[in-house]
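Below is one structure, written out as structure tokens; comments come after it.
The values are calculated or read from the model by the stated rules, or taken from the named source; none is laboratory data. The model shown is predicted, which means the values in this text are computed figures rather than measured ones. Here the Cβ positions follow ideal geometry from the backbone for every residue, glycine too, while neighbour counts run over all protein chains shown. Areas reflect the complete protein model, heavy atoms only, side chains present, ligands, DNA and RNA absent. Shrake-Rupley method; radii C 1.70, N 1.55, O 1.52, S 1.80 Å.
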Amino acid sequence: MDNPFVQDYVWPGLWMLGGILAVMLPVVLAVAIIIYLDRKIWAAMQLRRGPNVVGPFGILQSFADGIKLVLKETVVPASANKGVFFIAPVLTFVLAMVAWAVIPWGYVNGVKLVISDINVGILYLFAISSLGVYGIIMSGWASNSRYPFLGGLRSAAQMVSYEVSIGFVLITVLLCVGSLNLSDVVEAQRNLWFFIPLFPMFIIFLISALAETNRPPFDLPEAEAELVAGYQVEYSSMTFAMFWLGEYANILLMCAMLSILFFGGWLPPFAFLDFIPGPIWLILKIAFFFFIFSWVKAAVPRYRYDQLMRLGWKVFLPISLGAVVVVSGFLVAFDLLPNKG
């Protein structure tokens, strides 16, 4: 036990591994649950019952689907580039998981629940979300088929377009906080959640998050009406499941970012509710935003591709860029720039 190697490397490594599993396993479990909830919400808005056979109220349907996909044969097209074909879903899934490393869940008994509390947490998330497009492009190209290739091209253009406006929205938040650390972003909202003074930025971020995760009404990369299933057409079995896991993990991540950037993260809405642990508040806020994602999926028709591009480049980009100027000017004029030393 007194071995310096054990003290300096083994125990910290085991502690880090435990933290990673403590976040990764609940995220994978949450994905299974929200897929079920997504189907239930969609069914309720269409006056259907949704999953209702496997388990009470159909709650085990996602697990049954997962077992089915694991047991199925993985079919690889003869003309596909097999190496890239298999790397693409793994890359999508891994990037969706590693992004959760910097999400702070609040304090329990004075201990901050976060795997890595780095000072550039927002920059890290922005970098990881930017890399997410590669998995989809690789899957579209490696399948060597028309529909996946068109879906990959659409996704590349769409995600790059909306990352620009997301970046400017993040800058407006950072100007108000003076730090790239996500915990500092939450602490800066103790008196006023940012969705009130930055409400237009909140709306732009919410809609851009829908486009960034290829959710309806911006699900053009996998539009079944034109592209059958887009970049996922040639995938089956566990490779298909990894795309689904990655997609829904990214949706949860965007919900977590909305909660942290604009809705106070783990902070309660009122001081007298402080007795409820911070992680519970963050989970409730993530669930609320996921309901909005599901509600939009059921209520809003799909955009045309030219409308999608016009919204990103001619509406969101000028507004978010103008907001950076207005917010920075306001903070300078009234000497409100935060001083982080």
- Please verify whether the range 174-183 includes one or more residues that are in contact with a Phe, Trp or Tyr (Cβ under 6 Å, 6 or more places away or on another chain), buried (at least 21 other Cβ atoms within 10 Å of the Cβ) and touching a residue at least 24 places away in the same chain (Cβ under 8 Å). no
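For the range 290-318, name all the residues that are closer than 26 Å to L153 by Cα, assigned to a helix (DSSP H, G or I) and of a type in the set (V, I, T).
V296, V315
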- Item | The listed residue being part of a helix (DSSP H, G or I) and either more than 25 Å from I260 (Cβ to Cβ) or in contact with a His (Cβ under 6 Å, 6 or more places away or on another chain) (or both), out of I67, I41 | I67
- Cβ-Cβ under 8 Å pairs, at least 6 apart or on other chains, the range 76-95 side more than 13 Å from G140 (Cβ to Cβ) and open to solvent by less than 50 Å² (accessible area, probe 1.4 Å), far side at pLDDT 90 or above and assigned to a helix (DSSP H, G or I): F93/A249
- Note on the structure: Here the residues within the range 214-240 that are assigned to a loop (DSSP other than H, G, I, E, B), of a type in the set (S, T, N, Q) and open to solvent by 10 Å² or more (accessible area, probe 1.4 Å) are S236
- Item | Per-region count, the range 102-116, residues open to solvent by 20 Å² or more (accessible area, probe 1.4 Å) and either over 18 Å from I20 (Cα atoms) or in a helix (DSSP H, G or I) (or both) | 2
- Within the range 253-275, considering residues that are of a type outside the set (G, A, S) and not in a helix (DSSP H, G or I), the one nearest to V94 (Cα to Cα): W266
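Kindly establish whether R146 is more than 25 Å from I319 (Cα to Cα) and open to solvent by 50 Å² or more (accessible area, probe 1.4 Å).
Numbers: more than 25 Å from I319 (Cα to Cα): yes; open to solvent by 50 Å² or more (accessible area, probe 1.4 Å): yes.
Here the answer is yes, as R146 does meet what is asked.
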- Note on the structure: Matching residues in the range 259-301 (charged (D, E, K, R) and surrounded by 15 or more Cβ atoms within 10 Å (Cβ to Cβ)) number 2
- Message: Looking at (1) free of Cβ contacts under 8 Å to residues at least 60 places away in the same chain; (2) farther than 14 Å from W244 by Cβ; (3) open to solvent by 90 Å² or more (accessible area, probe 1.4 Å), which one does E73 not meet, given that it meets all the others?
- Response: (1)
- Options V327, V332; residue that is of a type in the set (V, I, T) and either buried (at least 16 other Cβ atoms within 10 Å of the Cβ) or more than 23 Å from L180 (Cα to Cα) (or both): V327
